[in-house]
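Step one of this worksheet: look at the structure below.
The values are calculated or read from the model by the stated rules, or taken from the named source; none is laboratory data. As the structure is a prediction and not an experimental result, all values here were calculated from the model. In this analysis, Cβ positions are derived from the backbone assuming ideal geometry, glycine residues included, and neighbour counts consider all displayed protein chains.
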Amino acid sequence: MSQRTPPERPSDAPPESDWGEDTFTETSPLAKRWARVVSQASEPPLVPAMPEPLENGRYVGRYELVTQIAKGGMAAVWLAARQRRSGEREVVALKTLLPNLSSDVSFVHMFLDEARLLSEIRHPNVVAIRDVGMHGDIPFVALEWVEGDSLSALLRALSAKGKEVPLSIALRIVGEACLGLHNAHELRDKKGALINLVHRDVSPANIMLSSSGDVKLIDFGVAKASERLAEQTRTGVLKGKVSYMAPEQVLRLAPDRRTDVWAAGVVLYRLISSRLPYEGDIATIVRQIKFGEPLPPLPAGTPRAVAEIVHRAMSREPGDRFQTAADMRRAIQYAYAEVCSPVPKDQFAAFVVSNLGPVIQERRAALARALGRPAG
C-alpha cells in the first residue's frame, strides 16, 4: 500500500469519540491499545523491514505528515493530521522514534512509557496524549497539538531582536510550569500511593508556549532514555541539558520532585539573567554543579522576592529547596503581588504571537495546504 494513501483504521483503535478524551485505566481503549502496541514492539520480525523515509505527505498510521517541527537524538516530531469519520481533520503533534533505535526493544518500551505516563497526567499545563501505535517497526505517539513553539524558540527570537523576557512574563511561564509539575508529581497508583514521577528534564526546550496563552510541559518520561542514549553513543548528555541538572543528578543519586524544582529555578534564572548560571564546556559545568560553586549574581535591580525564589529553588541540598513545585508557585504569586502585576492570559498570548508569529504562520500555511483550505 502506498505510504501516501491513508490506511484502514486499525481494528484495535478506540472509538473516535474517545480519542483524546480517554483516561488510562486498565480497561480503557487507550490502555488496551498501548498494551497491544507494547506487545507488538516486543516481538521484532524475523526479517526487519527497511522503513521508507518519513517525509511530508506520507502517512504514519492514520496520520498524514504535514511538516517536521523538531528532531532530537531519539525522536522526531511532526505536525500531522488525521481525518475523522465525520470528515473533520484532527491536528496533532506526532512523535516517532528514530528508525535506528526502533530495533532496540528497551528503547521502544521507554518511548512508549511516555505515552502511558502522559495518559495518566490530565492537567492544562501538561500536553495531552491522543493516540499510540506502530508504523511498521517504528512506534509513534500522537500528542495534543500546541500552536506555538518552545520557550527555547522564544528566547532565540528575543535574542535576535536584542530583547529580554519581561519579569512579569518570566514569572508567569515558570509559575504555570510549576502547576503542571506539581500535578505530575502527585500522580498516584491504584492504591493511592505516590508513584514518585520526576520529569528529570525541565528546560526551555520542554516548555511549550501557545498562541492562545497556554504553558505546557512536554517530554515526560524520556529523560531516562536520553541518558541511556548518551551513554551508548559515548557522547555525554547535551550541554544544554547538563546546565539544568540538579546536583543529585550530576552525582547520580536518586532524583525526586525537588530535582524538578531545581530545574525550574534554573529556568527562572535563565529568563531573568539572559544567561545560564553555570557555563563552559560539559566538564566545567558538571564540576561547578557537583561542587556547589556559588551562583553568579542576578542582574542588578532584580527584586529581592524574585531573587529569593531563585536561590531557594537552586539550594544545593534538596531539603533547603521548595519541597514541592506548588510551594514554588505560591512564592511566585507572592512575588507578583509585591513587584509587578500578573500578566493576563490574553496579554501573554499576544506576547507569544508577537515574537513567534513567523513560525506560527508558517505552520498554519503548511497545515492549510495539507488540508486544502486557506490559511487562517
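Before we move on, is L268 surrounded by 14 or more Cβ atoms within 10 Å (Cβ to Cβ), modelled with pLDDT under 95 and assigned by TED's automatic domain parsing to the domain that holds I169?
On the way: surrounded by 14 or more Cβ atoms within 10 Å (Cβ to Cβ): yes; modelled with pLDDT under 95: no; assigned by TED's automatic domain parsing to the domain that holds I169: yes.
Judged against the criteria, L268 is not a match.
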So, P99, is that one surrounded by fewer than 21 Cβ atoms within 10 Å (Cβ to Cβ) and at pLDDT below 90 or not? yes
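Under the condition of being among the aliphatic types (A, V, I, L, M) and assigned to a loop (DSSP other than H, G, I, E, B), which residue from the stretch 240-256 is surrounded by the most Cβ atoms within 10 Å (Cβ to Cβ)? Quick ask: steps written out before the conclusion?
Step one: list which residues in the stretch 240-256 are among the aliphatic types (A, V, I, L, M), which gives 242, 245-246, 250-251, 253-254.
Keeping just the survivors that are assigned to a loop (DSSP other than H, G, I, E, B) gives 245-246, 251, 253-254.
Details: M245: 25, A246: 27, L251: 11, L253: 12, A254: 9.
Ranking the candidates gives A246 first.
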In the set G20, G61, G73, the lone residue that is within 23 Å of the chain's Cα centre (by Cα), surrounded by 13 or more Cβ atoms within 10 Å (Cβ to Cβ), small (G, A, S) and modelled with pLDDT of 80 or more is G61
Exactly one of Q83, Q68 is modelled with pLDDT under 90 and under 16 Å from R369 (Cβ atoms), and that residue is Q83
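Here's the yes/no breakdown for (1) of a type in the set (V, I, T); (2) over 18 Å from A350 (Cα atoms); (3) surrounded by 20 or more Cβ atoms within 10 Å (Cβ to Cβ):
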residue	(1), (2), (3)
I121	yes, yes, yes
P124	no, yes, no
L151	no, no, yes
H182	no, yes, yes
E186	no, yes, no
P204	no, yes, yes
S211	no, no, no
Checked R321, R312 against criteria (surrounded by fewer than 17 Cβ atoms within 10 Å (Cβ to Cβ), over 23 Å from the mean Cα position of the chain (by Cα) and within 17 Å of G265 (Cα to Cα)); the one match is R312
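Filter the stretch 143-155 for residues that are of a type outside the set (F, W, Y) and more than 22 Å from V198 (Cα to Cα) and give the result. So that I can check it myself, show each step before the final result.
Step one: list which residues in the stretch 143-155 are of a type outside the set (F, W, Y), which gives 143-144, 146-155.
V146, E147, G148, D149, A153, L154, L155, listed by residue number.
Out of S103, S159, S152, which single residue is hydroxyl-bearing (S, T, Y), outside any strand (DSSP E or B) and within 21 Å of the chain's Cα centre (by Cα)? Walk me through how you get there before you give the answer.
Working: S103 fails: within 21 Å of the chain's Cα centre (by Cα); S159 fails: within 21 Å of the chain's Cα centre (by Cα).
After applying the criteria, what remains is S152.
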